Amino acid sequence: MTFLYRPFLNRIDLYKIAFLISIAVISTIPWDSYLIRRRVWTYPSYVIIGPTLFNIPAEEVFFFIIQTYNTSLLYLLLSKPVFHPAYLPSQKHHATQWNLGHAVLAFLVTGGGFLVWRGNEGTYLGLILAWAGPFALLLWSLSSQFLLSLPLSSTVAPIAIPTVYLWVVDTLALRRGTWTIESGTKFGVHLWEGLEIEEAVFFLATNILIVFGLVAFDHALAILLTFPSLFPQVPELPSPFMLIDALLTEVSKYDEERVTGIQQAVQRLKKKSRSFYLASSTFSGRLRTDLILL
């Protein structure tokens, strides 16, 4: 994937990847360390090289990095042709879907907390839901309307493909005893022979978080680059504070005529000159918007 994407890789892509990896490592280390200290999962001494970080084997820390990198790169590959400003939400958003998403995520967080409180079987699944759920709920609150409007090829695919891949790899690792989920903290239910349901949920949840985070990043960039009246000066690599400021901007402040103009220009280009539309994806920042509008 790195080889395929290398001709298109730019500084903002590297910034996105580094940003997501940093968040993934920082947010996962306390949770993973707790699971290992509670012996929810264990590693035989003969399968790890030795160094640890807060009781986490070096290989596990590397996994946080490489999974985030792989999923992020696949997302970038599949999203390269997508012109995100054309998918900015209007004031007429889908309230039903927004509320349903909140209800489902809130239920999962609550259920996870209950399983942790109850202890015994279900502890591992509860810890996964109680840890991942709040992050997903926050990202859903910030960018769900934007996420729902994007093509499935740039949202569902970069979640599904790495998840299935990791399910297969994890099945092989569990069968070989590379790591073990201790009995008493799991339900004992398998997605298929050799793959615990908790592990399947973990990989699905983490890939959802990575893609949701990337979508929120692109949502913020689309706002910053589409509305010069709101954000006159946007550096090539906006700070996290500027990204958050963009995401918290009320939709009512958007220049809807500009968004409509962009959407119409994109539709026209797709019909009349799809090659030019795809070629425009090699440009970044406001330059691509100017090319499409011209």
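Quick note: the coordinates plus some simple rules give every number you see, no bench work behind them. Being a predicted model, the structure only gives us computed values, none of them experimental. Reconstructed Cβ throughout: ideal geometry from the backbone, glycine too, with neighbour counts over all protein chains shown.
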* Asked: What order do you get for Ser149, Ser22, Ser45 when you list them from fewest to most C-beta neighbours inside 10 Å?
  -> Ser45, Ser22, Ser149
* To do: Sequence neighbours fewer than 8 away in the same chain don't count; with that in mind, list the aspartates and glutamates whose C-alpha is under 19 Å from Lys272.
  => Asp290
* Asked: What is the ratio of the Cα radius of gyration of the stretch 121-166 to 2.2 N^0.38 Å, where N is its residue count, to two decimals?
  -> 1.42
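Say a site is exposed when it is one of the GluC sites (Glu not before Pro), sits in a DSSP loop, and has at most 16 other Cβ atoms within 10 Å; what is then the longest site-free stretch of the chain?
Details: sites that count: Glu121, Glu182, Glu193, Glu236, Glu250.
Result, exposed sites excluded: 1-120.
At 0.36 nm per residue, and after removing the present C-alpha to C-alpha distance, how many nm does the segment from Lys272 to Phe63 gain when stretched out fully?
Working: separation 209, 0.36 × 209 = 75.24 nm, distance 4.45 nm.
This chain segment gains 70.8 nm when fully extended.
Would you mind finding the longest exposed-site-free stretch of the chain, with exposed trypsin sites (Lys or Arg not before Pro) meaning DSSP loop and at most 16 other Cβ atoms within 10 Å? Don't skip to the answer; put the middle values down first.
On the way: sites that count: Arg38, Arg39, Lys92.
Of all site-free stretches, the longest is 93-294.
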* Excluding residues on the same chain fewer than 8 positions from Lys16, give the lysines whose Cα lies under 28 Å from its Cα. => Lys80, Lys253, Lys270
* Structure fact -> the chain, Gaussian network, Cα under 10 Å: of Gln263, Gln145, Gln97, the residue fluctuating most is Gln97
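Let me know the shape class of the stretch 1-153, please: from the alpha-carbon gyration tensor, a ≥ b ≥ c as square roots of the eigenvalues, rounded when a/c is under 1.5, otherwise prolate if a/b is greater than b/c, or oblate.
Numbers: a/c = 3.09, a/b = 1.24, b/c = 2.50.
It comes out oblate by the Cα gyration axes.
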* Asked: Two-decimal Rg/Rh of the stretch 142-230 from alpha-carbon positions, Kirkwood Rh?
  -> 1.17
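Let me check I've understood the local charge: for Leu73, count other residues with C-beta under 15 angstrom from its C-beta, Lys and Arg +1, Asp and Glu -1. What total comes out? Intermediate results must be reported in sequence, preceding the final value.
Details: positive: Arg6, Lys16, Lys80; negative: Asp13, Asp218.
Residues near Leu73 contribute +1 overall.
Where does the charge balance sit around Pro30 when Lys and Arg score +1, Asp and Glu -1, over other residues with C-beta under 14 Å from its C-beta?
Working: positive: Arg37, Arg38; negative: Asp32, Glu60.
Net charge around Pro30: 0.
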* **Qualifying aspartates and glutamates (Cα of each under 14 Å from Cα of Lys186; at least 8 residues distant if same chain)** => Glu121, Glu196, Glu198, Glu199
* To do: Quick one: grab Rg to one decimal and Dmax as a whole number for the chain, Cα atoms only, in Å.
  => 20.9, 63
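Dividing the alpha-carbon Rg of the stretch 66-182 by 2.2 N^0.38 Å yields what? All intermediate terms of the calculation are to be shown ahead of the outcome.
Details: Rg = 17.3 Å, N = 117, 2.2 N^0.38 = 13.4 Å.
In units of the globular-protein estimate, the stretch 66-182 measures up at 1.29.
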* How far, in nm, would the chain grow between Ser141 and Ser153 when pulled straight, counting 0.36 nm per residue and subtracting the alpha carbon separation? -> 2.1 nm
* Structure fact -> Comparing Phe202, Phe83, Phe231 in a Gaussian network model of the chain (Cα, 10 Å), the one with the largest mean-square fluctuation is Phe231
* Structure fact -> Across Trp192, Trp140, Trp31, the residue with the highest GNM fluctuation in the chain (Cα network, 10 Å cutoff) is Trp192
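For the stretch 1-91, just run the numbers: alpha carbon Rg, then divide by 2.2 N^0.38 Å, N being how many residues it has. Please list the in-between numbers first.
Values: Rg = 17.4 Å, N = 91, 2.2 N^0.38 = 12.2 Å.
For the stretch 1-91, the normalised Cα radius of gyration comes out at 1.43.
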